[in-house]
Every structure is written in structure tokens, then in C-alpha cells.
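The values are calculated or read from the model by the stated rules, or taken from the named source; none is laboratory data. None of the values given here were measured: they were computed from a predicted structure. Because the Cβ atoms are built from the backbone with ideal geometry, glycine has one as well, and the counts that use them run over all protein chains shown.
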Amino acid sequence: MKRLSTFAAAFAAAMFIGGGAFAQQSQVPQMPKAPEPAKTIELFTKIPGAKGEPKKCDGNDNIFFMRCVSTPQLAYFPAKEPSGTAVIVIPGGGYAGLTYMFEGLQTAEWLASVGVSAFVLKYRLPEDQYMQDRSVGPLIDVQQAVRYVRANAKEYGIDPQKIGVIGFSAGGHLASVVSTHYNDDVYKSDFKVSARPDFSILIYPVITMEPATTHMGSREALIGKDAPQALTDKFSSDKQVTKDTPPAFLVHALDDNLVPYVNSIMYTDALRKNGVEAELHLYARGDHGLRAKSPIETQSFWHDACEKWMRMHEWVK
């Protein structure tokens, strides 16, 4: 079984939190080479909900933490030994950027190695200047991603009933949002298929938008610091679960100082109350990013647990 490297998890967290993982190191490790997708897919010919001129990117943007996305895309990584399952990979970054390398490309590489075709989603970040309604901009992109993969399942050798999502941090929030708002009429798609994922994998996810327990940076970026209660409830995924919400696998560290682990507990409880299967793994250590100081720390094995969960449900052979 293949797992993301300890360095990958540490660097993703460091990019997002501010570099604490390397505070005691005298030298920064050499940056790994980005995995190359087999294909890049533009999701729209005309982007719905956009306004004004497309956002122009500056030289500060990079593959490790993207702050500028004007065109929603999927990067396709075919499974090495296909199982017929596909997963859309949703990187986090507090809705202020995308931790694209480690939570995106390297996650896709791992999924492909265990028989899952992976599509990394490069989604637009919520901004009033470029969106008619910033709160639904990312949802539009992820709905279209699910619809694209389902509508083109035959081309990619995918079972249209075996399409999941995996999201990290704010990307986990977006994965939970599409899992609960897949029927929301937020745009007109040419694909006449469902946007409902068949399962979700939520890794240290933001779930609630309630100020007491959310990640405030994600709340402020998506709906605003002073958002009304109705909008807060709409994007608090634990409050939107129904019996038709797809099953979920969740992972969180108890010492996560950025996104409280109660977020994962809230979503798990909501799923169980609605008769939906959920599996939750809580680790004593790992902070945000599930960083491991040594390969024997238990949080470094969440990929193995996730793979077994997918095998149990016959999403992986």
C-alpha cells in the first residue's frame, strides 16, 4: 500500500499554517517534482456565475499554494489497475488558496496506485469581484466536476455509480457541501446527470460555519464574517444531512489547532442520525495536516485505513 510521504503531509500543513513543521530544521528539503496528469480538462466553455474580467494571476502563485484560479479544471490521473471507481480530489486552503501539490496532485497519485481513477479539481476561490454570488462559486465548480466524470464515465472506464469525492480542510467542507447540496440549482449544466457523489472522504474537514467551532478564515472567505444565520445554516453541512446523503469516511487529529475535531464528530453524528453509514478516525496527534514526526505514529496510516474502507465497500478491488 502506498501512502503520501511524511514530508508531503508536513509541507502541506506548513504552507497553510505558516511553517511550524520546519521550525527546528536547519535545511528545507528539496521540493518534490509535481506528478504529471494524463489529461487536463476545462469544465466550462462559459463559466457560470462569473462577472467582469477573469482574474489575472501574478508571479507569486505556485503549484504548492495556488491563490489564483480563473478557469475551473480537472487534472486526470488514470488508475494503474482500474477498479471502475473514480474520486474527485478537492484540495484545501481556507478558500483563500489551494494546497494543490500535496492535497491535490499527490493524493491523486496515491489513489491511482490503489486502483482509483483520480480527478484533481482546481476550483475558483470565492471573491465578490469575480463572482455574482461568491458563496456558490465553488459549489458550481464541484457540481460540474461530478457531472463531467459521470457523463463521461464510459470514456474513462468508470462505473457511473462509483464516483466519490475526497476533500481536505476547506476542501473537505466543499466535499461535504456537494454531498448535501448536489440538487441545488445553482447553474445550468449541459450534463443531464446527477451531481451526487456516491461516497465522500473528508480529511480534517471544516463542516460547520458556526463561529464557535468553524475555521473563521474559511467562513469569512465563503460567506462573510457577519453572514446571516440562514446562510450560516445553509453552509453548515451537519445541518443539511438527509437520508440520501452519501456515506463518509472521516479523519481528524484531536490536537488540530486550526479546524477543531468536533467538526468531524458533528458530521458523523448527523449521518448516523439519518441512517447513513459513517466511519470516523480520530488520532491523538497530527495537528492540522496530520503531520507525523516518525513513520510509526498512527496518523501516518490513515491512507491504509481509507483504502480498506473503500475495499470493504467494493469501490476498490
Residues in the range 125-140: is at least one modelled with pLDDT under 95, charged (D, E, K, R) and over 17 Å from the mean Cα position of the chain (by Cα)? yes
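Please note which strands (runs of 3 or more DSSP E) are completely contained in the range 65-125 and include at least 2 residues that are in contact with an Asp or Glu (Cβ under 7 Å, 6 or more places away or on another chain). Before the answer, list the steps.
Numbers: elements: 73-77, 85-90, 116-122.
Once the strands (runs of 3 or more DSSP E) in the range 65-125 are filtered for at least 2 residues that are in contact with an Asp or Glu (Cβ under 7 Å, 6 or more places away or on another chain), what remains is 73-77.
Mind listing just one residue for me: the one in the range 166-186 that is in a loop (DSSP other than H, G, I, E, B) and either at positive phi or out of contact with any helix residue (DSSP H, G or I) (no Cβ under 8 Å at 6 or more places or on another chain) (or both) and, of those, surrounded by the fewest Cβ atoms within 10 Å (Cβ to Cβ)?
Filtering the range 166-186 down to residues in a loop (DSSP other than H, G, I, E, B) leaves 169, 181-186.
With either at positive phi or out of contact with any helix residue (DSSP H, G or I) (no Cβ under 8 Å at 6 or more places or on another chain) (or both) added as a condition, the list becomes 169, 183, 185.
Working: S169: 31, N183: 11, D185: 7.
The selected residue is D185.
Is it the case, given these coordinates, that T71 is of a type in the set (S, T, N, Q) and closer than 23 Å to R134 by Cβ? Don't jump to the end; show me each part of the working.
Numbers: of a type in the set (S, T, N, Q): yes; closer than 23 Å to R134 by Cβ: yes.
In short, yes.
Can you find, within the range 246-295, the residue that is modelled with the lowest pLDDT among those that are of a type in the set (K, R) and over 19 Å from G93 (Cβ atoms)?
K293
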Within the range 117-172, the count of residues that are more than 17 Å from S70 (Cα to Cα) and among the aromatic types (F, W, Y) comes to 4
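Among the residues of the range 34-44 satisfying the criterion of being out of contact with any Asp or Glu (no Cβ under 9 Å at 6 or more places or on another chain) and part of a loop (DSSP other than H, G, I, E, B), which is surrounded by the most Cβ atoms within 10 Å (Cβ to Cβ)? Walk me through how you get there before you give the answer.
From the range 34-44, those out of contact with any Asp or Glu (no Cβ under 9 Å at 6 or more places or on another chain) are 34, 36-42; that's our starting set.
Those still in the list that are part of a loop (DSSP other than H, G, I, E, B) too: 34, 36-38.
Numbers: A34: 14, E36: 10, P37: 19, A38: 10.
Per the criteria, the residue is P37.
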Can you name the number of the only condition in (1) in contact with a strand residue (DSSP E or B) (Cβ under 9 Å, 6 or more places away or on another chain); (2) charged (D, E, K, R); (3) free of Cβ contacts under 8 Å to residues at least 60 places away in the same chain that K154 fails? (1)
Exactly one of A284, A248, A253, A292 is in contact with a strand residue (DSSP E or B) (Cβ under 7 Å, 6 or more places away or on another chain) and over 30 Å from I158 (Cβ atoms), and that residue is A253
Those residues of the range 61-113 which are farther than 26 Å from K162 by Cα, of a type outside the set (G, A, S) and at pLDDT 95 or above amount to Y95
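So if I check each of Q161, Q106, which one is free of Cβ contacts under 8 Å to residues at least 60 places away in the same chain and of a type in the set (S, T, N, Q)?
Details: Q106 fails: free of Cβ contacts under 8 Å to residues at least 60 places away in the same chain.
Of the residues listed, the single one that is free of Cβ contacts under 8 Å to residues at least 60 places away in the same chain and of a type in the set (S, T, N, Q) is Q161.
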